[in-house]
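Down below is the structure, laid out as structure tokens.
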Amino acid sequence: MRSTGEATPVTPFRLETFGTLVLRGQEDGTPVADHGQQGWRLALLAVLAASGKQGCSRDRLLLLFWPDTSQQRARHSLEQLLYKTRKSMGESLFAGVNPLRLNPAVITSDVEEFQHALDTGDLETAVDHYRGPFLDGFYLSDSPEFEEWVTGERTRLEEEYVKALERLAQSTEDLGNHEAAVGWWRKLSANDSLSSRFAIGLMRSLANAGDHAAALRHAEQYDRLVREELGTSMGPEIASLVSEIRAHASVQPPSIPGTATLALPRPVVSLPRQETTTALRSPPRLRRAILIGVGALSLAAALFAASRLRDGPANPPITPELSIAVLPLTNLSADPADAALADGMTEELIGVLGRTGNLRVIASTSVFALKDRRMDVRQIADSLHVSHVVEGGLQKVGSRLRMQIRLVDARDGTTRWSETYDREFEDVFTVQEEIARAVAQELDVRLLAGNDPAASPVRHSTQNIAAYEWYLRGIDAGFRQHRHEEGAEHFRRAISIDSTYAAAYAGLARMYVLMSTNRDDRREWVADAEQAARRALALDDSLAEAHEALGWAQLYEDFPSAEADFKRAIALDPRSHAHEGLAHLYMLTGRPVEQLREARLALETDPFSHTAIREMARALLVNGRCDEALNLLRPLKVLSPPVGFAGIIGGQCYATNGMWPEAIAEFRWAEEHSAGSAPAFLGYALARAGRRDEAMDILSDLLAGRDYSHGAFGIAVVYTGLRDYDQAFAWLDRAVDENSVNRDLMLPVFEDLHRDPRFERLKARLGLPSR
């Protein structure tokens, strides 16, 4: 080709960010700076390169590189870094002042070209630019904010890379070019060797290309890998595909255990993603524990969803686009104690976003169940059945609060909105409002703030920051850590600072209710709880948590009032745990259909909550749907530690159907896992199974105080199993006197007690409605 006499302009520098971070001269490609030589300058260039044409604000750079330094010193350090970088690379290196951008006439980068290729649809060029994880192995000492940014960018870019590869693989398959598709699927499998979806894609492409032997070899390699890494098998989808390929292969297949007789439905390439794509992997045992735990909870939620098909949804379905989970904010502070602030702030954001008219917000128990799990956003969203996720971090330095928040579209992993806040801690309420409004605007939903649309959606019953901080710590200790006495003390500290703090009174009331369980002086604790809840409502009658607390305080004393307060709490905040309270109340008052409805609503709002699962299982049991209850409970038994009540309710299901060996096995399992009522119910089941001597041994231990199982109530349960109803009712009267009566008394397993005329007198003593 004849020269035109015009040379293509060559920029002096080239920054490579995929794989090892290095700066090269464009003329000969010689490295001019690497991690060991100019780490801070390279880090600055990497941040600006990843920011693209949008650039990066100076405040953002200060937060990334000098989070613990005063504003004055941090700005001075930034100016020094900019000066030294310009001096070594040219005065025209930077374009713009604030935000800062890289001048494309001076420096190019693979990350900018990667993003540009994606934006223009040139997928092959994009994947060519990706040569490894973003800034692989690069770090700055004492810069946790920068490290978190790197992790986030690394994950985002890898997800973009994977999506591009998948689109290339699928498009070439659609064109019938199976050989080319094999190449793309190999890249995907190399990037995430544990992904069953990528393994299926590669195997199917190899088979379609005629290389059946290679497809079966890859299945064998994948099976060996997941057994070593995860301690599990290849799974039914791959096993089914192996059988399908073998049926069409003309070669002797490798020997893969467990696939010879499978006849499962044909798998497809678009199976849901099953494994994480984070750049760093947990050790095999840790990953196995995480997958089992989250998988068990997800299975419980899935089984619950399946159980809904029997009766149809209780409410009109909510569109997937209008659902969100606020993940626990990461504590970025040097002080581990500030984790309580991060968790409390998470609760607050959930509460604010929950005050919308058409947005389903997952309750806190379920999102905190996923805390510290090494799962990507799409895995978390799949587990919680939401389309959007809010995530971020919080750092408190002296009187300043720094927060990084982003809204992620979980369907494709893209960031729809992100922001960094650097304010005085006293501005925390303003920050919450700004976050809530930004998320609501992106999702096109309206925040509810009373009758005034311009009013703030963030409602706080204190303006005292010190009181608010103690309140956040109370939430964390009392509700997250289940340290109820510590939580109560934090709430009392908040009240001592601001005696008009309604939310703190409501928190204190809930702590008193929780602390009253199985205590001889229960009535005194409940009275204190009622007093605190009424004080909260006197200060703010629109506080949902205060109505919920009052409902729990009145539950065994005034059922109509408790029901009214639970319903008021739900009207004010649909995410309220008052659904669980109503399910509890309806079980006590013999309203099984309403019990099931409220239990279902509780679990829809909080699908990983153990208490919500418990209420649903009890409701299914009461409604004669024991098979569904057992399916719902089964995953809880493989958690670490297992959940003891799964054995109690499971045993009650079997006992209701007269399946005594199975009931005994469940109650023994529950006893091994510290379920409080297990000895009593084990004695009951042994007695009904004809093993009277063993039942009498348990009864002797209970009577002598050598074992405890809900006091007098537990003794009454064993006497009921022995069919000694005179003693059973005598001990039930004692149980009423000592406040140890358990609502299990209303279960179908005690139907013979319910038919006794003395039961109506007992119900009257308990304040329960008559038949």
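Observations on the model:
- Filter result (assigned to a helix (DSSP H, G or I) and touching a residue at least 60 places away in the same chain (Cβ under 8 Å)) within segment 551-588: PHE559, HIS584, MET587, LEU588
- Residues (open to solvent by 60 Å² or more (accessible area, probe 1.4 Å), of a type outside the set (Lys, Arg) and part of a helix (DSSP H, G or I)) located in segment 64-87: GLN71, GLN72, HIS76, GLU79, GLN80, TYR83
- The listed residues are THR151, THR125, and the only one of them that is of a type in the set (Ser, Thr, Tyr), assigned to a helix (DSSP H, G or I) and under 15 Å from ALA46 (Cα atoms) turns out to be THR151.
- Qualifying position, being more than 22 Å from ARG755 (Cβ to Cβ), out of contact with any strand residue (DSSP E or B) (no Cβ under 7 Å at 6 or more places or on another chain) and assigned to a loop (DSSP other than H, G, I, E, B), among PRO661, PRO635, PRO642: PRO642
- In segment 631-639, the count of residues that are surrounded by fewer than 24 Cβ atoms within 10 Å (Cβ to Cβ), closer than 26 Å to TYR684 by Cα and without any contact (Cβ under 8 Å) to a residue 12 or more places away in the chain is zero.
- Residue within segment 381-390 that is of a type outside the set (A, V, I, L, M), part of a helix (DSSP H, G or I) and farther than 17 Å from VAL352 by Cα present: yes
One line per residue, one yes/no per condition, for (1) small (Gly, Ala, Ser); (2) modelled with pLDDT of 90 or more:
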{"site": "MET587", "(1), (2)": "no, yes"}
{"site": "PRO607", "(1), (2)": "no, no"}
{"site": "THR611", "(1), (2)": "no, no"}
{"site": "GLY624", "(1), (2)": "yes, yes"}
{"site": "GLU666", "(1), (2)": "no, yes"}
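- Checking GLU598 against (1) under 28 Å from the mean Cα position of the chain (by Cα); (2) farther than 25 Å from TYR501 by Cα; (3) open to solvent by 50 Å² or more (accessible area, probe 1.4 Å); (4) of a type in the set (Asp, Glu), the condition it does not meet: (3)
- Segment 672-681 - residue that is in contact (Cβ under 8 Å) with a residue 24 or more places away in the chain and in a helix (DSSP H, G or I) and, of those, nearest to the chain's Cα centre (by Cα): ALA678
- Segment 60-87 residues that are among the acidic types (Asp, Glu), paired with ones that are open to solvent by 80 Å² or more (accessible area, probe 1.4 Å) (beta carbon under 8 Å, 6 or more apart): ASP68/ALA334
- Pair list, Cβ under 7 Å, 6 or more apart: segment 117-128 residue farther than 12 Å from LYS163 by Cβ, other residue modelled with pLDDT under 90 and surrounded by 15 or more Cβ atoms within 10 Å (Cβ to Cβ): none
- Of all residues in segment 647-656, none are farther than 30 Å from PHE608 by Cβ, open to solvent by 20 Å² or more (accessible area, probe 1.4 Å) and in contact (Cβ under 8 Å) with a residue 24 or more places away in the chain.
- Every residue from segment 734-768 that is touching a helix residue (DSSP H, G or I) at 6+ places or on another chain (Cβ under 7 Å), open to solvent by 20 Å² or more (accessible area, probe 1.4 Å) and either acidic (Asp, Glu) or within 15 Å of GLY714 (Cβ to Cβ) (or both): ARG734, GLU738, ASN739, VAL741, ASN742, ASP756
- Selection over segment 468-501 of residues that are among the small types (Gly, Ala, Ser) and crowded, with 24+ Cβ neighbours inside 10 Å gives a count of 4.
- Each residue in segment 372-408 was checked for being basic (Lys, Arg), at pLDDT 75 or above and either within 13 Å of VAL431 (Cα to Cα) or surrounded by fewer than 21 Cβ atoms within 10 Å (Cβ to Cβ) (or both), and 3 pass.
The values are calculated or read from the model by the stated rules, or taken from the named source; none is laboratory data. Quick caveat: nothing in here was measured; it's all calculated off a predicted structure. Cβ: placed from backbone, ideal geometry, glycine included. Neighbour counts: every protein chain shown. These accessible areas exclude ligands, DNA and RNA; they are computed on the full protein's heavy atoms, side chains included. Shrake-Rupley method; radii C 1.70, N 1.55, O 1.52, S 1.80 Å.
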